[in-house]
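Okay, so here's the structure we're looking at.
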Amino acid sequence: MRVVRSVRSIQQLIRKAKSAGKTIGFVPTMGALHDGHRSLLRRCHRENDLVVLSIFVNPKQFGPEEDFGKYPRREQADKKLAKKEKVDIMFVPTAEEMYPEGYLTYIEVERMTHVLCGKSRPGHFRGVTTVVGKLLNIVMPDVLYLGQKDAQQAAVVTRMARDLNFSVIVKICPTVREADGLAMSSRNEYLTVSQRKEAKVLYRSLREARQNVTAGNHSAMAIISKIRSRITRAGSGRIDYIECVDADTFTPLKRIQGKTMIVLAVWFGKTRLIDNIIVHA
Ligand code: PAF
């Protein structure tokens, strides 16, 4: 495995791989790798000749009051995991390498970035699409792998790739969960022991909601209010949002029809967790 820190060096390696006819799969991350990332890397390895992993805690997607400073950084452990998962190139740029002095250019997807996580985290998706756009131009992958846990991010990046004609296939892979159902996230480690216990209510309430939809309850308001009371009864979780949305556009829906996503964000202390489930009515 090559660990590469400069844009120039990775571009040289990519050019070589492309001229040898290799297909390139790409998994962008912010590091602190867990089993969710591992499942993306495994799929990437199965489906491509060359596996590229990037690790970059992107300052542009964190708000001024957010956790950029304390976001876990553990390059050595990540390197070990990446080697085990047969990563070919691990790209670990510095902030100066990605955003040199005088940097001025941003990518913004409209409308669908103004709701849900975009509303609670102004500027977040602008930072995500800017960095992913840059990484796609640098790595030039055939396939980009993202996790379903960050459903709005996946939908926004898919929209960006389509709207800006990036020559890449975006594949969204299923959420990997802990034994009690909590979606894997690098932020789970911020939780105290009691918050961690309480957090399992998120997936439980989403699963119950899916059962309710299957049983014929198609009113978004009724489904949302059931989830709300389930989470509130379970302990200290403070609800940021719970919505039923169109799975592609993230437009909030009043009635659950066809393929719908139920999405939520809940605070446990200073930690904000997100999760979602797809339902069919
Ligand atoms: O999901 C993440 O870890 C990040 O948002 C991403 C896609 C790597 C962009 O920084």
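The values are calculated or read from the model by the stated rules, or taken from the named source; none is laboratory data. Not measured: the values here are computed from a predicted model. Note that each Cβ is placed from the backbone with ideal geometry, even for glycine, and that neighbours are counted across all protein chains shown. The area values use the complete protein model at the heavy-atom level, side chains included, leaving out ligands, DNA and RNA. Shrake-Rupley method; radii C 1.70, N 1.55, O 1.52, S 1.80 Å.
Inclusion of Y103 among residues that are out of contact with any Pro (no Cβ under 8 Å at 6 or more places or on another chain) and open to solvent by 10 Å² or more (accessible area, probe 1.4 Å) is warranted.
Looking at the range 81-94, is at least one residue in contact with a Cys (Cβ under 7 Å, 6 or more places away or on another chain) and of a type in the set (V, I, T)? No, the range 81-94 has no match at all.
For the range 162-171, the candidate set comprises residues that are open to solvent by less than 70 Å² (accessible area, probe 1.4 Å) and assigned to a loop (DSSP other than H, G, I, E, B); within that set, the residue that is farthest from I107 (Cα to Cα) is V168. Evaluate the range 172-181: report whether one residue or more is among the small types (G, A, S), open to solvent by 50 Å² or more (accessible area, probe 1.4 Å) and part of a loop (DSSP other than H, G, I, E, B). Yes: one or more hits. Residues in the range 10-38 that are closer than 17 Å to A154 by Cα and either more than 14 Å from the ligand (Cβ to nearest atom) or modelled with pLDDT under 95 (or both): G25 only. All of (1) within 15 Å of the ligand (Cβ to nearest atom); (2) within 22 Å of the chain's Cα centre (by Cα); (3) open to solvent by 60 Å² or more (accessible area, probe 1.4 Å) hold for E97 with one exception: (2). Set side by side, the residues V213, V176, V193 differ, and just one is over 21 Å from the mean Cα position of the chain (by Cα) and closer than 17 Å to I278 by Cβ, which is V213. Note on the range 196-210: residues that are over 21 Å from V245 (Cα atoms) and open to solvent by 30 Å² or more (accessible area, probe 1.4 Å) amount to 4. Only residues that are of a type outside the set (V, I, T) and within 19 Å of S19 (Cα to Cα): list them for the range 34-51, please. Across the range 34-51, the qualifying residues are E47, N48, D49, L50.
Conditions (1) touching a residue at least 60 places away in the same chain (Cβ under 8 Å); (2) in contact with a strand residue (DSSP E or B) (Cβ under 8 Å, 6 or more places away or on another chain), marked per residue:
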| position | (1), (2) |
| --- | --- |
| Q12 | no, no |
| A20 | no, no |
| I24 | yes, yes |
| L53 | no, yes |
| D78 | no, yes |
| V92 | yes, yes |
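In the range 124-146 there is no residue that is open to solvent by 10 Å² or more (accessible area, probe 1.4 Å), within 15 Å of the ligand (Cβ to nearest atom) and part of a loop (DSSP other than H, G, I, E, B). Among the residues making up the range 61-92, those that are open to solvent by 60 Å² or more (accessible area, probe 1.4 Å) and either of a type in the set (V, I, T) or within 14 Å of the ligand (Cβ to nearest atom) (or both) are E66, F68, R73. Of all residue pairs spaced 6 or more apart or on separate chains, those with beta-carbon atoms under 9 Å, a first member in the range 125-141 that is farther than 17 Å from V109 by Cα and a second member that is near the ligand (Cβ under 10 Å from one of its atoms) and outside any helix (DSSP H, G or I) are I138/S54; V139/P28; V139/S54. Candidates in the range 1-37 are the residues that are part of a helix (DSSP H, G or I) and of a type in the set (G, A, S); of these, the one that is most open to solvent (accessible area, probe 1.4 Å) is S19.
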